[in-house]
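**Q** For reference, the structure I am asking about is given below.
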Amino acid sequence: MKKICALLIATLLLASFAACKGGGTKAPPAPEGRTVTDMTGRTVTLPEQVERIVVLTAGDCEILYALGAGDRIVGRGEYCDYPADVLDVPSVQSGYDTNVEQIVALKPDVVVMSTMAQTNEHIESIEKVGIPVVVTEAPNLGGVYEAIALLGQVVGKTSEADALIQSMKDAFAALKAKVPQLDKKPAVYFEVSPLQYGLWAAGSGTFMDELGNMLGAENIFADLTGWVQVSEEQVIQRNPDFIVTTTMSYEGSPDPIEEIKSRAGWENITAVASGRILNADNDEITRPGPRLADAARQLFELLYGGAD
């Protein structure tokens, strides 16, 4: 009996020693999930598989659909309205007010938002409840390509993202190859806000400016940066050959092109006198997403009479 007890004690001591020794060398557990670096430089930890997404920005919403991840969107921003299928998804926003409680209830793996539409307060309010936030920033075409690549990483569709970027570049290259050699570049005024709200124009560094440059046109406000407020006098003085307006026509509102033609003093602007005014699809030409290629085709047709 004594021998059995001694053997048992020895066995327990050896087991205890082995456990202590093993505990001293055991590696710490690896962090769960994976990380991506968003367009603000933030490192964000995500689940290995992102299956539930809340997207607050229209351009990012369109990118996710173009990547084949639209069925993962469980919540959307108020202006996420394309393609039409996304309208069946609940909106978690009203203007700039984001319903964090509703977002939490949707149990998303990630919330995608943009610096162009949301603030640091929006980011912090969602991260406080433990939901990862990925932020895009796409004020120009380069930014659009980066946003596509980033969201491809987020949803595990990097090859699809590469293909989408290349298809956009190919579309732009095909149009650029058809631009005729002219002695003088056509001058374009890009109006993004109508007179009743104060004239705002696209300056340099915007994707509208880039599209114009790509197609051999000159933005009359290229000396200004970003989205800028301008005066009627400035537009008249700079006398554009073409005008592109993104003003949308609503029931009871004046036709955007007719409203421009009726402005006092604008009748002598070359674009107005010649009727070379395009009421561009607001969403296509102002959203940083895949449909910028369609906007480029519209602009080419205005400038040169057709893309074919």
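The values are calculated or read from the model by the stated rules, or taken from the named source; none is laboratory data. Remember, it's a predicted structure, so these values are computed and weren't measured experimentally. All Cβ positions, even for glycine, are placed from backbone atoms using ideal geometry, and neighbour counts span all protein chains on display.
**Q** Being in a helix (DSSP H, G or I) and of a type in the set (A, V, I, L, M, F, W, C) narrows it down to one residue among 179, 144; which is it?
**A** Exactly one residue qualifies, and that residue is 144.
**Q** For segment 126-140, how many residues are crowded, with 22+ Cβ neighbours inside 10 Å, within 10 Å of the chain's Cα centre (by Cα) and not hydroxyl-bearing (Ser, Thr, Tyr)?
**A** The qualifying residues number 2.
**Q** Filter segment 103-125 down to the residues that are modelled with pLDDT of 95 or more and either assigned to a helix (DSSP H, G or I) or exposed (fewer than 15 other Cβ atoms within 10 Å of the Cβ) (or both) and list them by number.
**A** 103, 104, 105, 107
**Q** I'm trying to understand the selection: among the residues of segment 150-173, which are free of Cβ contacts under 8 Å to residues at least 40 places away in the same chain and either surrounded by fewer than 17 Cβ atoms within 10 Å (Cβ to Cβ) or not in a helix (DSSP H, G or I) (or both)?
**A** We begin by selecting, within segment 150-173, every residue free of Cβ contacts under 8 Å to residues at least 40 places away in the same chain; these are 158-159, 162-163, 165-166, 169-170, 173.
Of everything in segment 150-173, those that are free of Cβ contacts under 8 Å to residues at least 40 places away in the same chain and either surrounded by fewer than 17 Cβ atoms within 10 Å (Cβ to Cβ) or not in a helix (DSSP H, G or I) (or both) turn out to be 158, 159, 162, 163, 166, 169, 170, 173.
**Q** Oh, and also: Restricting to segment 225-235, name every residue that is in a helix (DSSP H, G or I) and crowded, with 17+ Cβ neighbours inside 10 Å.
**A** 235
**Q** Taking residue 288, is it crowded, with 22+ Cβ neighbours inside 10 Å, touching a Gly at 6+ places or on another chain (Cβ under 6 Å) and either outside the structural domain of residue 144 (by TED's automatic domain parsing) or part of a helix (DSSP H, G or I) (or both)?
**A** Criteria met by residue 288.
**Q** Additional query: Quick one: which of 199, 215 is buried (at least 17 other Cβ atoms within 10 Å of the Cβ), within 16 Å of residue 141 (Cα to Cα) and aliphatic (A, V, I, L, M)?
**A** 215
**Q** Also: Inspect segment 25-37 for any residue being farther than 24 Å from residue 287 by Cβ, at pLDDT 95 or above and not in a helix (DSSP H, G or I) and give the result as yes or no.
**A** Yes, the conditions are met somewhere in segment 25-37.
**Q** I'm trying to understand the selection: among the residues of segment 176-206, which are more than 17 Å from residue 279 (Cα to Cα) and either touching a residue at least 60 places away in the same chain (Cβ under 8 Å) or under 24 Å from the mean Cα position of the chain (by Cα) (or both)?
**A** The answer is 176, 178, 179, 180, 186, 203, 204, 205, 206.
**Q** Quickly run through segment 182-196 and pick out the residues that are surrounded by 14 or more Cβ atoms within 10 Å (Cβ to Cβ) and in a helix (DSSP H, G or I).
**A** The one that is surrounded by 14 or more Cβ atoms within 10 Å (Cβ to Cβ) and in a helix (DSSP H, G or I): 195.
**Q** Only one of these is of a type in the set (Gly, Ala, Ser), farther than 28 Å from residue 59 by Cα and either touching a Pro at 6+ places or on another chain (Cβ under 6 Å) or in a loop (DSSP other than H, G, I, E, B) (or both): 271, 222. Name it.
**A** 271
**Q** Could you please find all residues in segment 267-286 being in contact with a strand residue (DSSP E or B) (Cβ under 9 Å, 6 or more places away or on another chain) and among the hydrophobic types (A, V, I, L, M, F, W, C)?
**A** Result: 269, 271, 272, 277, 278, 280, 285.
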